2 protein chains.
Amino acid sequence: MYTNEELDNLAEFYKNQLINDTVPFWFPRSYDHEFGGYLLMRDSDGTLIDTDKAVWIQGRACWLLSTLYNTVEPRKEWLEGARLGYEFIKDKCFNSDGKMYFHVDREGNPIRMRRYFFSETFAVIASAAYAKASGSDEAAAFAREMFTVCLEYANGKRVMDPKFEDTRPSKGIGIPMIMCNTAQQLRETIGDPRCDEAIMSWIKEIEENFVKDDIRCVMEQVSLDGDIIDHIDGRTLNPGHAIEGAWFILHEAIYRGMDQHLIDLGLRMLDYMWERGWDEEHGGILYFRDVYNKPVQEYWQDMKFWWPQNETIIACLLAYLITKDEKYSTMHKLIHDYAYKHFHDSEHGEWFGYLHKDGSIAQTAKGNMFKGPFHLPRQEWYCWSVINKFKV
Amino acid sequence: MYTNEELDNLAEFYKNQLINDTVPFWFPRSYDHEFGGYLLMRDSDGTLIDTDKAVWIQGRACWLLSTLYNTVEPRKEWLEGARLGYEFIKDKCFNSDGKMYFHVDREGNPIRMRRYFFSETFAVIASAAYAKASGSDEAAAFAREMFTVCLEYANGKRVMDPKFEDTRPSKGIGIPMIMCNTAQQLRETIGDPRCDEAIMSWIKEIEENFVKDDIRCVMEQVSLDGDIIDHIDGRTLNPGHAIEGAWFILHEAIYRGMDQHLIDLGLRMLDYMWERGWDEEHGGILYFRDVYNKPVQEYWQDMKFWWPQNETIIACLLAYLITKDEKYSTMHKLIHDYAYKHFHDSEHGEWFGYLHKDGSIAQTAKGNMFKGPFHLPRQEWYCWSVINKFKV
């Protein structure tokens, strides 16, 4: 159990890390005043390793700066920084069909389009948070338009190029999860009447199709009817990802005045995937597991990536604050202590991204195509703010 | 330096491993007499983990069985086994446009199409070797037709869906390398008058565009003019892959009566990429390196995969047999001893596929979407046969 003083200290710790360690690693040096957006691909000491721009990360960084401005303090630097990202996304990251790129160069010339619509979901949360920070009606309209686009992809009205043939149709937990969080962010910045109902429909889909109580598991992929697909891809679990879904649902439970059904669902998802993902030998959340403990296809399955630890820190803390159950404070302390001990770079700030199973550093990049100022600062921001929310 | 007796012992070792350890792991149990092709996705003890069929591996397994029949001994089992693969590839692995799938289910229903034409290159070597084994004119015609298709992809007459936009055009060493080996296999089984000239043009492309003597490096990707692209992807080296290219070129040097220019080129490629890829701390060839020692994007960059070790064993042995330089027998012994000590499974036969940097086993699969009866048995077969070739 955490005492009130311990919770205050945790809140202070997270806020201090966020403001004095994590954010200063990235900003101001990453603002690209020449071409807009951010220069985020950096080695552990901050050296720029690539001037290219990953569109997901441009959106996430704009979201972070806007959110800091909205919720921590209204620093002019953060608002101006957020504008760089908002404008770069809006002006440089779309093809002529209105689909967003995945990867562009420093100037915004396209490098790679991917079939997914995650660039679009991050554009929603970036522009919604920026609209709140700036008061821009244009940014608010853009956020809502992009949310419409995301809804159309999610419900099949807009069609993504299929990755697989029709022989064995499947669906992933990623879309209902990210749509849930995208709508939560939109709702809690500038608001949108479509969010409440949509969030509940995605949570319902997760509960009915992906959560398997009989085997204590959250599947990453299932058949269209929610059955387990007994092939390598279909069996592959991503515990950190499912635990991220768990805290989106716990967040929703709080939003709805401590909805007990949602609390139970979120806690079960956390419990199941902690059992599947926690490394009893070295600590930390493993990347992939097979539902039946067979080998998976991917090669980083037993590594410790930064973001599953961030998601698990949030989920355990939320579970504890909601239940006051010592089980969750124990889990929170285990994952918090493991993660800050092994991932945090006390020399240059921020976290390393990629550890071996044993906790040794596998590579030093702090920013690349997939890592940037998002999961860690979001965790520190969310944990700080939710502890304060539970105090009042 | 290896004595003649040591070389004889090595040849015997490789042949014995091939026939009594590696091949028996896969066959006869993997023949799919019900649906054709092979059931190759297996855990370390041989347990089937998936009934799906990776088209690359179906072709490679058919090539192996045919090659064993053609060069080791004419066992009826191997010829009949090869036929299963040949017919499955021909009858079940094409879409209606004549493009080959990447992944099908047990019955041959399509699961995934990819843009690349590597399914087609492995269909060439499979059907050419099977045509030689069986004497089938139909298989020979199919091999030559598929080689035509590969030539058309390689020279741009057939267009693959682009992965990247046009902003920063690049090309990989993979296509000239695999086309070189595909043509060598076709030439040395059933023959084709197009091969000699084509092989030399691909080797010329590798030499002029990918081999960088000034920095002692073989690039994996370059601009269309052969310049280094100073972005994360462009800087990423794959030492085991380049070393595979080195032995294709050394093989060609022998075929052309010890062509000194090709010998020099192959040796330089081996030297450069051994320097880049050999792990001085633990031994073995690392997966990815950055040309300027920056972090790479992928996560398995410091793991030891099985196949780079196989390619390096072949390249070092060939380099030694050609030069009789002690440097190469020392390198060969280092990589041979490291690989058979750490990868070989003395309990169930064959090799594990995926080790951590320190040599511990990362996962137990012996067969999956990318690993099957190919790199290891090819290495054992090639080393055995090339030692014998140098004796006469």
From the list A:I215, A:I178, A:I173, pick out the single residue that is in contact (Cβ under 8 Å) with a residue 60 or more places away in the chain, in contact with a Gly (Cβ under 9 Å, 6 or more places away or on another chain) and either open to solvent by 70 Å² or more (accessible area, probe 1.4 Å) or closer than 30 Å to A:E275 by Cβ (or both). A:I173
Those residues of the stretch B:83-106 which are in contact with a strand residue (DSSP E or B) (Cβ under 9 Å, 6 or more places away or on another chain) and of a type outside the set (A, V, I, L, M, F, W, C) amount to B:G85, B:K92, B:N95, B:Y101, B:H103, B:D105, B:R106
Within the stretch A:238-262, residues being in a helix (DSSP H, G or I) and farther than 19 Å from A:M219 by Cα number 7
When restricted to A:M303, A:M258, the only residue closer than 29 Å to A:D21 by Cα and either at pLDDT 95 or above or more than 14 Å from chain B (Cβ to nearest Cβ) (or both) is A:M303
By residue number, the members of the stretch B:68-107 that are under 16 Å from B:F27 (Cβ atoms) and either among the aromatic types (F, W, Y) or open to solvent by less than 10 Å² (accessible area, probe 1.4 Å) (or both) are B:L68, B:Y69, B:W78, B:G81, B:A82, B:G85, B:Y86, B:F88
Return the residues of the stretch A:2-31 that are crowded, with 19+ Cβ neighbours inside 10 Å, farther than 30 Å from A:K389 by Cα and not polar (S, T, N, Q); say none if nothing qualifies. A:Y31
Within the stretch B:89-148, count every residue that is over 23 Å from B:K76 (Cα atoms), in contact (Cβ under 8 Å) with a residue 60 or more places away in the chain and hydrophobic (A, V, I, L, M, F, W, C). 1
Which number in (1) in a helix (DSSP H, G or I); (2) surrounded by 18 or more Cβ atoms within 10 Å (Cβ to Cβ); (3) away from chain A (no Cβ under 14 Å); (4) not charged (D, E, K, R) marks the one condition that B:N388 misses? (2)
From the option list B:A139, B:A128, B:A143, B:A123, single residue qualifying as at pLDDT 95 or above, more than 20 Å from the chain's Cα centre (by Cα), over 30 Å from B:V291 (Cβ atoms) and open to solvent by less than 20 Å² (accessible area, probe 1.4 Å) is B:A139
Tally time: how many residues in the stretch B:307-330 are touching an Asp or Glu at 6+ places or on another chain (Cβ under 9 Å) and surrounded by fewer than 24 Cβ atoms within 10 Å (Cβ to Cβ)? 4
Quick test for you: out of A:K157, A:K204, A:K171, pick the one residue that is assigned to a strand (DSSP E or B) and either away from chain B (no Cβ under 14 Å) or aromatic (F, W, Y) (or both). A:K171
Would you point out the residue of the stretch B:357-385, among those that are without any contact (Cβ under 8 Å) to a residue 24 or more places away in the chain and part of a strand (DSSP E or B), that is most open to solvent (accessible area, probe 1.4 Å)? B:I361
Within the stretch B:339-356, track down each residue that is in a helix (DSSP H, G or I) and surrounded by fewer than 22 Cβ atoms within 10 Å (Cβ to Cβ). B:Y340, B:K341, B:H342
Restricting to the stretch A:157-169, name every residue that is loosely packed, with under 10 Cβ neighbours inside 10 Å and either closer than 12 Å to A:F117 by Cβ or in the same structural domain as A:I229 (by TED's automatic domain parsing) (or both). A:V159, A:D161
Looking for whichever is in contact (Cβ under 8 Å) with a residue 60 or more places away in the chain, in the same structural domain as A:W384 (by TED's automatic domain parsing) and of a type in the set (S, T, N, Q) here; the options are A:T67, A:T22, A:T71. Which one fits? A:T22
When restricted to A:Q184, A:Q221, the only residue within 14 Å of another protein chain (Cβ to nearest Cβ) and either open to solvent by 40 Å² or more (accessible area, probe 1.4 Å) or within 30 Å of A:F88 (Cα to Cα) (or both) is A:Q221
Under the condition of being more than 20 Å from the chain's Cα centre (by Cα) and among the acidic types (D, E), which residue from the stretch A:197-222 is nearest to A:D137 (Cα to Cα)? A:E197
Within the bounds of the stretch A:90-104, is there any residue that is within 14 Å of A:A131 (Cα to Cα), in the same structural domain as A:T148 (by TED's automatic domain parsing) and of a type outside the set (F, W, Y)? yes
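Out of the stretch B:111-120, which residues are open to solvent by less than 30 Å² (accessible area, probe 1.4 Å) and assigned to a strand (DSSP E or B)?
Here is the first cut: in the stretch B:111-120, the residues open to solvent by less than 30 Å² (accessible area, probe 1.4 Å) are B:111, B:117, B:119-120.
Across the stretch B:111-120, the qualifying residue is only B:I111.
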If I go through the stretch B:260-283 residue by residue, how many of them are open to solvent by less than 70 Å² (accessible area, probe 1.4 Å) and within 24 Å of B:I232 (Cα to Cα)? 10
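The values are calculated or read from the model by the stated rules, or taken from the named source; none is laboratory data. Quick caveat: nothing in here was measured; it's all calculated off a predicted structure. For neighbour counting, all protein chains shown are included, and Cβ atoms are generated from backbone atoms with ideal geometry for every residue, glycine included. Side chains are part of the model used for accessible areas, which takes the heavy atoms of the whole protein and leaves out ligands, DNA and RNA. Shrake-Rupley method; radii C 1.70, N 1.55, O 1.52, S 1.80 Å.
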